[in-house]
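**Student:** Before I ask anything, here is the structure I am working with.
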Amino acid sequence: MSYLEYNVKRSPTGLSKVLYVNWVLVLLLTAVACVGFLQLYSVSGGQFDRWAEPQMQRFALSLAVMFTIAFVPLWFWRSMAGMAYAVSVLLLLGVEFFGSIGMGAQRWLELGPIRLQPSEMTKITVIMAVAAYYDWLDIRKVSHPLWVGVALLIILVPAFLVVKQPDLGTALLIIGGGGMVMFFAGVSLWYFGGVIGLVIGLISVVFASRGTSWQLLHDYQFRRIDTFLDPSLDPLGTSYHINQAMIALGSGGLSGRGFMQGTQSRLNFLPEKQTDFIFNTLAEEFGFIGGVFLLALYIGIIVTCIVAAMQSKNRFAALLILGIAGNFFLYFAVNMAMVMGLAPVVGVPLPLVSYGGSAMLMILIGFGLVQSACIHRPRERA
């Protein structure tokens, strides 16, 4: 069913839209955010106004934005997908030429009083654009090399601009989110097998480029890979973060040391305890049980989205929901793998838990689109 066919079905209007909000999803998102508030209060040493209070304000604002997006008909967001994608690419180009530098990376645009990180926005707009593309494309052409190439171009252009900032973690999330939409659209698995082979070859080339005039990664990125492969190489330098993270993770045991009793975070041994490594503070204080509880909330969000996609009769809506759910999965999967020493440290925050406003806002904008699909799902006339 094309998005234009929404006009044939009855769609809720006014206050009746509230009845069709996916409240299970809202409750799960709020529960995860509350875990974040609790941990931010703990790692600040009981200072509510340092991290917890600003995070609560950001969540309230982001939740309001989510509901605002949710109450707008999905056909509008379908029609805006191309424009949103184009704006995000233009903003990334703006970062390339006019962006401000912070912590060694050029990732932000200063627009008056607003400091914008376009790469966060791009995670959502790429999913919207690829979902709209496959909604438009004849299903018989989905696996044709020419049309697969167009989808890859949509994904790789912004990913390349993000890699240049440099922000490898965000670029991987952009590629992963777009790739998941392609998978759910029915692109042949042979292409994905080819991509896996290409990635293996690219990794070999990356390692071969080290120390040459055409080196493909920055030195600090190679150091992160070294740290991942052998954390004992430089325990007080490049390996310090992951070693302290593993100590915090293991010292929690089954049930943890107790709320606000984590030594690694309270004594400041654990770097970035309020952002990238906040999962380790939770595991230290609440142990394996606390970690599994948070993981169960995340899985609940994914399952709720899958059910919503299965109920949708609109191809764009289903692909959009699955793409956003897949991007959310990559967020927490990459972060957890990173802080457990299963993947190199790439600076991906734990969604809705790590301190920060940009990522939280964009995550809830994504779920606002999911809610729009749920609310405006075509329903038969009574």
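**Student:** Scan segment 255-292 residue by residue and report those that are without any contact (Cβ under 8 Å) to a residue 40 or more places away in the chain and within 22 Å of A31 (Cβ to Cβ).
**Tutor:** S255, G256, G258, A283, E284, F286, G287, F288, I289, G290, G291, V292, listed by residue number.
**Student:** Right, here's the next one. With (1) in contact (Cβ under 8 Å) with a residue 24 or more places away in the chain; (2) on the phi > 0 side of the Ramachandran plot as the list, and H218 as the residue in question, which single condition is left unmet?
**Tutor:** All conditions pass for H218, except number (2).
**Student:** Which condition number in (1) more than 20 Å from A52 (Cα to Cα); (2) touching a residue at least 40 places away in the same chain (Cβ under 8 Å); (3) assigned to a loop (DSSP other than H, G, I, E, B) is the one that Y298 fails?
**Tutor:** Exception for Y298: condition (3).
**Student:** Looking only at segment 35-74, which residues are of a type in the set (A, V, I, L, M) and touching a helix residue (DSSP H, G or I) at 6+ places or on another chain (Cβ under 7 Å)?
**Tutor:** Within segment 35-74, V35, L40, V43, A52, M56, L63, V65, M66, I69, A70, V72, L74 qualify.
**Student:** In segment 184-193, what count of residues is obtained for those that are in a helix (DSSP H, G or I) and surrounded by 12 or more Cβ atoms within 10 Å (Cβ to Cβ)?
**Tutor:** 4
**Student:** Kindly provide the set of residues from segment 308-325 that are part of a helix (DSSP H, G or I) and either surrounded by fewer than 15 Cβ atoms within 10 Å (Cβ to Cβ) or polar (S, T, N, Q) (or both), ordered by number.
**Tutor:** M310, Q311
**Student:** Let me ask something else. Of the residues in segment 180-234, how many are within 30 Å of D135 (Cα to Cα) and aromatic (F, W, Y)?
**Tutor:** Total satisfying the criteria: 5.
**Student:** Let me ask another. For I127, all conditions in the list (1) at pLDDT below 90; (2) of a type outside the set (G, A, S); (3) under 19 Å from the mean Cα position of the chain (by Cα) hold save one; what is the number of the exception?
**Tutor:** Result: I127 passes all but (1).
**Student:** Also: Which ones in segment 122-172 are polar (S, T, N, Q) and closer than 19 Å to A333 by Cβ?
**Tutor:** Once the filter is applied, which keeps residues that are polar (S, T, N, Q) and closer than 19 Å to A333 by Cβ, segment 122-172 yields only T170.
**Student:** Residues being assigned to a helix (DSSP H, G or I), aliphatic (A, V, I, L, M) and in contact with a Phe, Trp or Tyr (Cβ under 8 Å, 6 or more places away or on another chain): count how many of those fall in segment 125-169.
**Tutor:** Result for segment 125-169: 9.
**Student:** Looking only at segment 362-374, count every residue that is under 11 Å from the mean Cα position of the chain (by Cα) and surrounded by fewer than 23 Cβ atoms within 10 Å (Cβ to Cβ) and tell me the total. Even if it seems obvious, please write down each step before you answer.
**Tutor:** Going residue by residue through segment 362-374, those that are under 11 Å from the mean Cα position of the chain (by Cα) are 362-364, 366.
If we keep only those that are surrounded by fewer than 23 Cβ atoms within 10 Å (Cβ to Cβ) too, we end up with 362.
Of the residues in segment 362-374, 1 are under 11 Å from the mean Cα position of the chain (by Cα) and surrounded by fewer than 23 Cβ atoms within 10 Å (Cβ to Cβ).
**Student:** Here are the criteria: (1) closer than 24 Å to Q221 by Cβ; (2) in contact with a helix residue (DSSP H, G or I) (Cβ under 7 Å, 6 or more places away or on another chain). Tell me which single one Y240 does not satisfy.
**Tutor:** Evaluating Y240 over (1) closer than 24 Å to Q221 by Cβ; (2) in contact with a helix residue (DSSP H, G or I) (Cβ under 7 Å, 6 or more places away or on another chain) leaves (2) as the failure.
**Student:** Next up: Just checking, does segment 101-112 include any residue being more than 27 Å from A309 (Cβ to Cβ) and either aromatic (F, W, Y) or modelled with pLDDT of 95 or more (or both)? Talk me through it step by step, then tell me what you get.
**Tutor:** Of all residues in segment 101-112, those more than 27 Å from A309 (Cβ to Cβ) come to 101-112.
Retained after the next criterion (residues that are either aromatic (F, W, Y) or modelled with pLDDT of 95 or more (or both)): 108.
The answer is yes, given that some residue of segment 101-112 is more than 27 Å from A309 (Cβ to Cβ) and either aromatic (F, W, Y) or modelled with pLDDT of 95 or more (or both).
**Student:** Specify which of the listed residues (A318, A308, A337) is without any contact (Cβ under 8 Å) to a residue 40 or more places away in the chain and more than 28 Å from Q57 (Cβ to Cβ).
**Tutor:** Of A318, A308, A337, the one residue that is without any contact (Cβ under 8 Å) to a residue 40 or more places away in the chain and more than 28 Å from Q57 (Cβ to Cβ) is A337.
**Student:** When the residues of segment 333-357 are narrowed to those that are of a type in the set (G, A, S) and outside any helix (DSSP H, G or I), which ends up modelled with the highest pLDDT?
**Tutor:** S354
**Student:** Could you tell me how many of the residues in segment 268-279 are farther than 21 Å from P351 by Cβ and either under 26 Å from the mean Cα position of the chain (by Cα) or among the polar types (S, T, N, Q) (or both)?
**Tutor:** 1
So that you can scan it fast, the table gives a plain yes or no per residue for (1) farther than 30 Å from S232 by Cβ; (2) basic (K, R); (3) out of contact with any helix residue (DSSP H, G or I) (no Cβ under 8 Å at 6 or more places or on another chain):
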{"residue": "F329", "(1), (2), (3)": "yes, no, no"}
{"residue": "A333", "(1), (2), (3)": "no, no, yes"}
{"residue": "A337", "(1), (2), (3)": "no, no, yes"}
{"residue": "A343", "(1), (2), (3)": "no, no, no"}
{"residue": "P351", "(1), (2), (3)": "yes, no, no"}
{"residue": "L364", "(1), (2), (3)": "yes, no, no"}
{"residue": "F367", "(1), (2), (3)": "yes, no, no"}
{"residue": "C374", "(1), (2), (3)": "yes, no, no"}
{"residue": "R377", "(1), (2), (3)": "yes, yes, no"}
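Here is a yes/no grid of residues against (1) closer than 18 Å to F48 by Cα; (2) under 27 Å from the mean Cα position of the chain (by Cα); (3) modelled with pLDDT of 85 or more:
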| residue | (1), (2), (3) |
| --- | --- |
| L233 | no, no, no |
| G237 | no, no, no |
| H241 | no, yes, no |
| G256 | no, no, yes |
| F259 | yes, no, yes |
| T263 | no, no, no |
| R266 | yes, no, no |
| T281 | yes, yes, yes |
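**Student:** Has segment 268-280 got at least one residue that is among the hydrophobic types (A, V, I, L, M, F, W, C), under 28 Å from S239 (Cα atoms) and in a helix (DSSP H, G or I)?
**Tutor:** Yes, segment 268-280 has at least one match.
Residue-wise test of (1) under 18 Å from the mean Cα position of the chain (by Cα); (2) assigned to a helix (DSSP H, G or I); (3) surrounded by 15 or more Cβ atoms within 10 Å (Cβ to Cβ).
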position: I174; (1), (2), (3): yes, yes, yes
position: G177; (1), (2), (3): yes, yes, yes
position: M182; (1), (2), (3): yes, yes, yes
position: I196; (1), (2), (3): no, yes, no
position: L202; (1), (2), (3): no, yes, no
position: V206; (1), (2), (3): no, yes, yes
position: T212; (1), (2), (3): no, no, no
position: I225; (1), (2), (3): no, yes, yes
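The values are calculated or read from the model by the stated rules, or taken from the named source; none is laboratory data. Just so it is clear, the model here is predicted, and its values are computed rather than measured. Cβ: placed from backbone, ideal geometry, glycine included. Neighbour counts: every protein chain shown.
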